[in-house]
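Read the structure below first, then the notes.
The values are calculated or read from the model by the stated rules, or taken from the named source; none is laboratory data. What you see is a predicted model; the values in this text were computed from it and never measured. Glycine gets a Cβ as well: all are built from the backbone with ideal geometry, and neighbour counts include every protein chain shown. Ligands, DNA and RNA are excluded from the accessible area calculation, which covers all protein heavy atoms including side chains. Shrake-Rupley method; radii C 1.70, N 1.55, O 1.52, S 1.80 Å.
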Amino acid sequence: MDIGVVLQCTPPSSRVVELARVAETHGFSHVWTFDSHLLWQEPYVIYSRILAVTRKVMVGPMVTNPSTRDWTVTASTFATLNEMYGNRTICGIGRGDSAVRTLGGRPANLATLRESIAVIRELGNGRSARVGDTTVRFPWAADSRLEVWAAGYGPRALDLTGEVADGFILQLADPDIAAWTIARVRAAAERAGRDPAAVSICVAAPAYVTDGSVAALKHAREQCRWFGGMVGNHVADIVAKYGADSDVPAALTEYIAGRTGYDYNQHGRAGNTHADFVPDAIVDRFCLLGTPDEHLARLRELEALGVDQFAVYLQHDAKTATLEAYGEQILPRLPAPVTATESAS
(Lines give C-alpha, C1' and ligand atoms only; values in the text may rest on other atoms or scores of the structure.)
Protein backbone atom coordinates (compact mmCIF):
# COMPACT_ATOMS: atom_id res chain seq x y z
CA MET A 1 0.00 0.00 0.00
CA ASP A 2 1.20 3.47 -0.90
CA ILE A 3 0.90 6.25 1.68
CA GLY A 4 0.18 9.77 0.45
CA VAL A 5 -0.41 13.10 2.17
CA VAL A 6 -3.05 15.78 1.56
CA LEU A 7 -2.05 19.40 2.25
CA GLN A 8 -3.86 22.72 2.18
CA CYS A 9 -2.21 25.56 0.27
CA THR A 10 -2.30 27.80 3.34
CA PRO A 11 0.25 30.61 3.43
CA PRO A 12 3.15 30.63 3.65
CA SER A 13 3.54 28.53 0.54
CA SER A 14 7.11 27.74 1.58
CA ARG A 15 5.66 25.73 4.49
CA VAL A 16 3.52 23.69 2.11
CA VAL A 17 6.55 22.96 -0.05
CA GLU A 18 8.62 22.01 2.99
CA LEU A 19 5.95 19.60 4.28
CA ALA A 20 5.91 17.96 0.85
CA ARG A 21 9.69 17.62 0.89
CA VAL A 22 9.65 16.12 4.39
CA ALA A 23 6.88 13.72 3.38
CA GLU A 24 9.06 12.36 0.58
CA THR A 25 12.00 11.83 2.93
CA HIS A 26 9.72 9.70 5.12
CA GLY A 27 8.62 7.51 2.21
CA PHE A 28 5.29 9.05 1.23
CA SER A 29 4.43 8.33 -2.40
CA HIS A 30 1.96 11.12 -3.26
CA VAL A 31 1.50 14.77 -2.30
CA TRP A 32 -2.06 15.94 -2.87
CA THR A 33 -3.58 19.35 -2.12
CA PHE A 34 -7.00 20.91 -1.79
CA ASP A 35 -8.03 23.00 -4.83
CA SER A 36 -10.09 26.01 -3.71
CA HIS A 37 -8.47 29.16 -5.00
CA LEU A 38 -10.59 31.54 -2.89
CA LEU A 39 -9.92 29.76 0.41
CA TRP A 40 -6.24 28.98 -0.13
CA GLN A 41 -3.38 29.80 -2.48
CA GLU A 42 -3.21 28.61 -6.07
CA PRO A 43 -2.08 24.95 -5.97
CA TYR A 44 -0.75 24.62 -9.51
CA VAL A 45 1.88 27.27 -8.86
CA ILE A 46 2.91 25.45 -5.69
CA TYR A 47 3.08 22.08 -7.50
CA SER A 48 5.89 23.38 -9.66
CA ARG A 49 7.97 24.21 -6.59
CA ILE A 50 7.15 20.90 -4.87
CA LEU A 51 8.25 18.99 -7.94
CA ALA A 52 11.45 21.01 -8.09
CA VAL A 53 12.51 20.12 -4.52
CA THR A 54 11.48 16.44 -4.63
CA ARG A 55 12.57 13.49 -6.76
CA LYS A 56 9.85 10.84 -6.80
CA VAL A 57 6.53 11.87 -5.27
CA MET A 58 3.47 12.18 -7.48
CA VAL A 59 1.70 15.53 -7.15
CA GLY A 60 -1.87 16.63 -7.83
CA PRO A 61 -5.19 17.95 -6.52
CA MET A 62 -7.58 16.14 -4.19
CA VAL A 63 -9.64 17.29 -5.86
CA THR A 64 -10.11 19.73 -8.72
CA ASN A 65 -13.41 20.20 -10.54
CA PRO A 66 -14.74 20.83 -14.06
CA SER A 67 -16.38 24.19 -13.27
CA THR A 68 -13.74 26.63 -12.00
CA ARG A 69 -10.97 25.14 -14.16
CA ASP A 70 -11.02 25.11 -17.95
CA TRP A 71 -10.44 21.48 -18.89
CA THR A 72 -7.89 22.21 -21.59
CA VAL A 73 -5.91 24.54 -19.30
CA THR A 74 -5.93 21.88 -16.56
CA ALA A 75 -4.60 19.29 -18.98
CA SER A 76 -2.00 21.71 -20.34
CA THR A 77 -0.78 22.48 -16.83
CA PHE A 78 -0.27 18.81 -16.01
CA ALA A 79 1.39 18.10 -19.35
CA THR A 80 3.73 21.06 -18.87
CA LEU A 81 4.70 19.92 -15.37
CA ASN A 82 5.30 16.44 -16.74
CA GLU A 83 7.66 17.81 -19.37
CA MET A 84 9.51 19.85 -16.77
CA TYR A 85 9.84 17.24 -14.03
CA GLY A 86 9.08 13.85 -15.59
CA ASN A 87 5.67 12.20 -15.48
CA ARG A 88 4.98 12.91 -11.81
CA THR A 89 1.51 14.46 -11.85
CA ILE A 90 -1.90 12.96 -11.13
CA CYS A 91 -5.35 14.53 -11.40
CA GLY A 92 -8.00 13.93 -8.75
CA ILE A 93 -11.36 15.37 -9.77
CA GLY A 94 -14.91 15.57 -8.48
CA ARG A 95 -18.11 17.49 -9.12
CA GLY A 96 -16.88 20.47 -7.09
CA ASP A 97 -17.56 21.62 -3.55
CA SER A 98 -15.76 24.49 -1.82
CA ALA A 99 -14.25 25.85 -5.03
CA VAL A 100 -17.67 26.34 -6.63
CA ARG A 101 -19.90 26.95 -3.61
CA THR A 102 -17.78 29.87 -2.40
CA LEU A 103 -18.55 31.50 -5.76
CA GLY A 104 -22.27 30.89 -5.38
CA GLY A 105 -22.24 27.98 -7.80
CA ARG A 106 -23.36 24.38 -7.63
CA PRO A 107 -21.46 21.14 -8.21
CA ALA A 108 -21.24 20.04 -11.84
CA ASN A 109 -23.58 17.32 -13.01
CA LEU A 110 -22.22 13.85 -13.66
CA ALA A 111 -22.43 14.21 -17.44
CA THR A 112 -20.10 17.20 -17.27
CA LEU A 113 -17.76 15.37 -14.91
CA ARG A 114 -17.63 12.39 -17.28
CA GLU A 115 -16.83 14.61 -20.27
CA SER A 116 -14.16 16.55 -18.38
CA ILE A 117 -12.40 13.35 -17.31
CA ALA A 118 -12.20 12.24 -20.93
CA VAL A 119 -10.85 15.58 -22.18
CA ILE A 120 -8.27 16.04 -19.41
CA ARG A 121 -7.02 12.46 -19.67
CA GLU A 122 -6.74 12.39 -23.46
CA LEU A 123 -4.95 15.72 -23.68
CA GLY A 124 -2.81 14.95 -20.64
CA ASN A 125 -1.61 11.78 -22.36
CA GLY A 126 -0.70 13.50 -25.62
CA ARG A 127 -3.79 12.35 -27.49
CA SER A 128 -6.59 14.20 -29.29
CA ALA A 129 -9.81 15.15 -27.50
CA ARG A 130 -13.15 16.48 -28.61
CA VAL A 131 -14.09 19.80 -27.00
CA GLY A 132 -17.50 20.87 -28.21
CA ASP A 133 -17.32 20.73 -31.99
CA THR A 134 -13.54 21.00 -32.11
CA THR A 135 -10.87 18.29 -31.96
CA VAL A 136 -7.76 19.51 -30.17
CA ARG A 137 -4.37 18.13 -29.20
CA PHE A 138 -1.15 19.39 -27.64
CA PRO A 139 1.49 18.84 -30.34
CA TRP A 140 4.24 19.20 -27.76
CA ALA A 141 2.93 16.66 -25.19
CA ALA A 142 3.44 13.28 -26.86
CA ASP A 143 5.45 11.94 -23.90
CA SER A 144 3.12 13.18 -21.15
CA ARG A 145 1.36 10.55 -19.03
CA LEU A 146 -1.52 11.43 -16.70
CA GLU A 147 -4.02 9.40 -14.70
CA VAL A 148 -7.37 10.91 -13.68
CA TRP A 149 -8.93 9.63 -10.45
CA ALA A 150 -12.52 10.50 -9.53
CA ALA A 151 -13.91 11.21 -6.04
CA GLY A 152 -17.48 10.56 -4.94
CA TYR A 153 -19.86 8.91 -2.51
CA GLY A 154 -23.22 8.53 -4.27
CA PRO A 155 -24.25 5.48 -6.34
CA ARG A 156 -24.20 7.24 -9.72
CA ALA A 157 -20.84 8.90 -9.04
CA LEU A 158 -19.39 5.52 -8.05
CA ASP A 159 -20.75 3.96 -11.23
CA LEU A 160 -19.20 6.73 -13.34
CA THR A 161 -15.88 6.22 -11.59
CA GLY A 162 -15.85 2.52 -12.38
CA GLU A 163 -16.82 3.17 -15.98
CA VAL A 164 -14.26 5.84 -16.92
CA ALA A 165 -11.75 6.84 -14.22
CA ASP A 166 -8.25 5.50 -13.68
CA GLY A 167 -8.74 5.55 -9.92
CA PHE A 168 -11.32 6.06 -7.17
CA ILE A 169 -10.86 8.47 -4.23
CA LEU A 170 -12.95 7.80 -1.11
CA GLN A 171 -12.66 10.59 1.43
CA LEU A 172 -13.16 8.61 4.64
CA ALA A 173 -11.57 5.50 6.17
CA ASP A 174 -14.56 3.51 7.47
CA PRO A 175 -13.99 -0.11 6.31
CA ASP A 176 -17.69 -0.91 5.92
CA ILE A 177 -18.34 2.12 3.71
CA ALA A 178 -15.10 1.48 1.85
CA ALA A 179 -16.20 -2.09 1.11
CA TRP A 180 -19.55 -0.92 -0.29
CA THR A 181 -18.08 1.85 -2.45
CA ILE A 182 -15.23 -0.30 -3.80
CA ALA A 183 -17.64 -3.09 -4.71
CA ARG A 184 -19.87 -0.61 -6.53
CA VAL A 185 -16.93 0.89 -8.47
CA ARG A 186 -15.61 -2.52 -9.45
CA ALA A 187 -19.03 -3.78 -10.54
CA ALA A 188 -19.45 -0.72 -12.76
CA ALA A 189 -15.99 -1.25 -14.26
CA GLU A 190 -16.84 -4.87 -15.07
CA ARG A 191 -20.15 -3.91 -16.70
CA ALA A 192 -18.25 -1.40 -18.82
CA GLY A 193 -15.90 -4.11 -20.05
CA ARG A 194 -12.96 -2.89 -18.00
CA ASP A 195 -10.69 -4.86 -15.69
CA PRO A 196 -11.97 -3.91 -12.21
CA ALA A 197 -8.50 -4.44 -10.76
CA ALA A 198 -7.14 -1.76 -13.11
CA VAL A 199 -9.02 0.96 -11.19
CA SER A 200 -6.75 2.19 -8.40
CA ILE A 201 -8.38 2.67 -5.00
CA CYS A 202 -7.38 5.54 -2.70
CA VAL A 203 -8.81 6.13 0.77
CA ALA A 204 -8.11 9.58 2.23
CA ALA A 205 -8.73 10.68 5.82
CA PRO A 206 -7.08 12.51 8.71
CA ALA A 207 -4.55 10.46 10.68
CA TYR A 208 -3.39 11.39 14.17
CA VAL A 209 -0.88 9.20 16.03
CA THR A 210 -1.21 9.14 19.84
CA ASP A 211 0.49 7.47 22.79
CA GLY A 212 -2.62 5.45 23.62
CA SER A 213 -3.80 7.57 26.54
CA VAL A 214 -7.42 8.65 26.94
CA ALA A 215 -6.40 12.32 27.00
CA ALA A 216 -4.42 12.00 23.78
CA LEU A 217 -7.31 10.26 21.99
CA LYS A 218 -9.71 12.98 23.13
CA HIS A 219 -7.39 15.66 21.76
CA ALA A 220 -6.96 13.79 18.47
CA ARG A 221 -10.73 13.55 18.05
CA GLU A 222 -11.14 17.28 18.51
CA GLN A 223 -8.39 17.97 15.99
CA CYS A 224 -10.06 15.72 13.39
CA ARG A 225 -13.78 16.30 14.05
CA TRP A 226 -13.83 18.85 11.19
CA PHE A 227 -13.53 15.95 8.75
CA GLY A 228 -16.89 14.51 9.72
CA GLY A 229 -18.39 17.93 9.08
CA MET A 230 -16.78 18.11 5.64
CA VAL A 231 -17.96 14.62 4.69
CA GLY A 232 -21.42 15.43 6.07
CA ASN A 233 -21.60 18.41 3.76
CA HIS A 234 -21.07 16.11 0.79
CA VAL A 235 -23.43 13.45 2.14
CA ALA A 236 -26.24 15.99 2.60
CA ASP A 237 -26.50 16.25 -1.19
CA ILE A 238 -26.76 12.45 -1.47
CA VAL A 239 -29.53 12.27 1.11
CA ALA A 240 -31.38 15.09 -0.64
CA LYS A 241 -31.13 13.24 -3.95
CA TYR A 242 -31.65 9.61 -2.95
CA GLY A 243 -33.44 9.90 0.40
CA ALA A 244 -32.47 8.36 3.71
CA ASP A 245 -33.77 4.92 2.68
CA SER A 246 -31.56 4.37 -0.39
CA ASP A 247 -28.92 1.65 -0.66
CA VAL A 248 -26.28 4.13 0.51
CA PRO A 249 -24.97 2.70 3.81
CA ALA A 250 -26.70 4.14 6.87
CA ALA A 251 -23.28 4.60 8.46
CA LEU A 252 -22.64 7.29 5.87
CA THR A 253 -25.97 9.10 6.13
CA GLU A 254 -27.51 8.74 9.59
CA TYR A 255 -25.11 10.94 11.52
CA ILE A 256 -25.94 14.10 9.55
CA ALA A 257 -29.42 14.32 11.11
CA GLY A 258 -28.08 16.92 13.57
CA ARG A 259 -26.33 18.96 10.91
CA THR A 260 -27.52 22.58 10.75
CA GLY A 261 -25.28 24.19 8.14
CA TYR A 262 -21.77 24.65 6.87
CA ASP A 263 -19.39 27.61 6.89
CA TYR A 264 -16.83 27.42 4.09
CA ASN A 265 -14.68 29.99 5.85
CA GLN A 266 -13.81 27.12 8.24
CA HIS A 267 -13.62 24.40 5.58
CA GLY A 268 -11.02 21.76 6.41
CA ARG A 269 -9.98 23.52 9.62
CA ALA A 270 -9.38 21.86 12.98
CA GLY A 271 -11.56 23.27 15.76
CA ASN A 272 -14.23 24.69 13.46
CA THR A 273 -17.59 25.57 14.95
CA HIS A 274 -19.92 23.64 12.62
CA ALA A 275 -18.78 20.09 13.35
CA ASP A 276 -20.25 19.76 16.85
CA PHE A 277 -22.93 17.43 15.49
CA VAL A 278 -20.29 14.84 14.55
CA PRO A 279 -20.16 12.14 17.29
CA ASP A 280 -16.96 10.56 18.54
CA ALA A 281 -17.92 7.25 16.93
CA ILE A 282 -17.94 8.84 13.48
CA VAL A 283 -14.57 10.52 14.06
CA ASP A 284 -13.13 7.17 15.10
CA ARG A 285 -14.59 5.39 12.07
CA PHE A 286 -13.87 8.00 9.42
CA CYS A 287 -10.34 8.86 10.61
CA LEU A 288 -7.26 6.94 11.79
CA LEU A 289 -6.59 7.78 15.43
CA GLY A 290 -4.50 6.05 18.08
CA THR A 291 -1.20 4.28 18.48
CA PRO A 292 0.95 3.15 15.54
CA ASP A 293 -0.33 -0.40 16.06
CA GLU A 294 -3.93 0.83 15.78
CA HIS A 295 -3.10 2.70 12.57
CA LEU A 296 -1.48 -0.40 11.14
CA ALA A 297 -4.48 -2.55 12.00
CA ARG A 298 -6.84 -0.22 10.09
CA LEU A 299 -4.45 0.12 7.16
CA ARG A 300 -4.20 -3.65 6.84
CA GLU A 301 -7.99 -3.91 6.98
CA LEU A 302 -8.30 -1.37 4.18
CA GLU A 303 -5.57 -3.07 2.17
CA ALA A 304 -7.47 -6.37 2.42
CA LEU A 305 -10.44 -4.60 0.80
CA GLY A 306 -8.28 -3.66 -2.18
CA VAL A 307 -7.13 -0.17 -1.18
CA ASP A 308 -3.93 0.74 -3.02
CA GLN A 309 -3.22 4.04 -1.26
CA PHE A 310 -4.06 5.68 2.03
CA ALA A 311 -3.70 9.48 1.88
CA VAL A 312 -3.24 11.30 5.19
CA TYR A 313 -5.16 14.55 5.57
CA LEU A 314 -2.73 16.69 7.56
CA GLN A 315 -5.08 19.42 8.77
CA HIS A 316 -4.37 19.40 12.50
CA ASP A 317 -1.79 20.56 15.05
CA ALA A 318 0.64 17.64 14.62
CA LYS A 319 1.69 17.88 10.99
CA THR A 320 5.41 17.20 11.31
CA ALA A 321 4.92 14.70 14.14
CA THR A 322 2.46 12.73 12.01
CA LEU A 323 4.84 12.60 9.06
CA GLU A 324 7.62 11.43 11.37
CA ALA A 325 5.45 8.81 13.09
CA TYR A 326 4.36 7.37 9.76
CA GLY A 327 7.88 7.44 8.37
CA GLU A 328 9.50 5.84 11.41
CA GLN A 329 6.83 3.61 12.97
CA ILE A 330 4.20 2.76 10.35
CA LEU A 331 5.54 2.80 6.79
CA PRO A 332 8.46 0.45 7.56
CA ARG A 333 5.97 -2.12 8.87
CA LEU A 334 3.76 -2.07 5.78
CA PRO A 335 4.48 -4.45 2.88
CA ALA A 336 6.20 -2.70 0.00
CA PRO A 337 3.82 -2.03 -2.95
CA VAL A 338 4.10 -4.57 -5.75
CA THR A 339 5.24 -2.97 -9.00
CA ALA A 340 3.84 -3.87 -12.41
CA THR A 341 7.15 -5.59 -13.28
CA GLU A 342 7.07 -7.68 -10.09
CA SER A 343 3.44 -8.70 -10.56
CA ALA A 344 4.14 -9.84 -14.13
CA SER A 345 7.18 -11.94 -13.19
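Where a ≥ b ≥ c are the square roots of the eigenvalues of the C-alpha gyration tensor, would you call region 16-58 rounded, which needs a/c under 1.5, or, failing that, prolate if a/b is larger than b/c, or oblate? It is prolate, given that a/c is not under 1.5 and a/b is the larger ratio. Among the trypsin sites (Lys or Arg not before Pro) found in region 109-180, those both in a DSSP coil and sparsely packed, with 13 or fewer other Cβ atoms within 10 Å of their Cβ, are R127, R137. For the chain, with all protein chains in place and a probe radius of 1.4 Å, 50% of the accessible heavy-atom surface sits on carbon or sulfur.
Straight-line reach from K319: taking Cα to Cα under 28 Å and skipping same-chain neighbours fewer than 8 places apart, the lysines in range are K56, K218. Relative contact order of the chain, taken over Cα pairs closer than 8 Å and 6 or more residues apart, is 18 percent.
Taking a ≥ b ≥ c as the square roots of the eigenvalues of the Cα gyration tensor, the chain is rounded, since a/c falls below 1.5. For the residues N109, N65, N125, a GNM of the chain with alpha-carbon springs under 10 Å puts the largest fluctuation on N109.
One chain, two ends: T135 and V45. Fully extended at 0.36 nm per residue, the span grows by 29.6 nm beyond their Cα-Cα distance.
Size descriptors for region 90-129, from the alpha-carbon set: Rg then Dmax equal 11.8, 34 Å.
Solvent-accessible area per residue in the chain equals 41 Å², computed with a 1.4 angstrom probe and all protein chains kept. Given R₀ = 45 Å, what would the calculated FRET efficiency be for D293 paired with D247, taking r from the Cβ atoms and rounding to 0.05? The calculated FRET efficiency here is 0.85. Under 5 Å between amide hydrogens, built in the peptide plane, is the criterion, and for Q171 it picks out G152, A204 among residues at least 5 positions away or on other chains. Taking a Cβ cut-off of under 15 Å around Q329, the surrounding Lys, Arg, Asp and Glu residues balance to a net charge of -2, with basic ones at +1 and acidic ones at -1.
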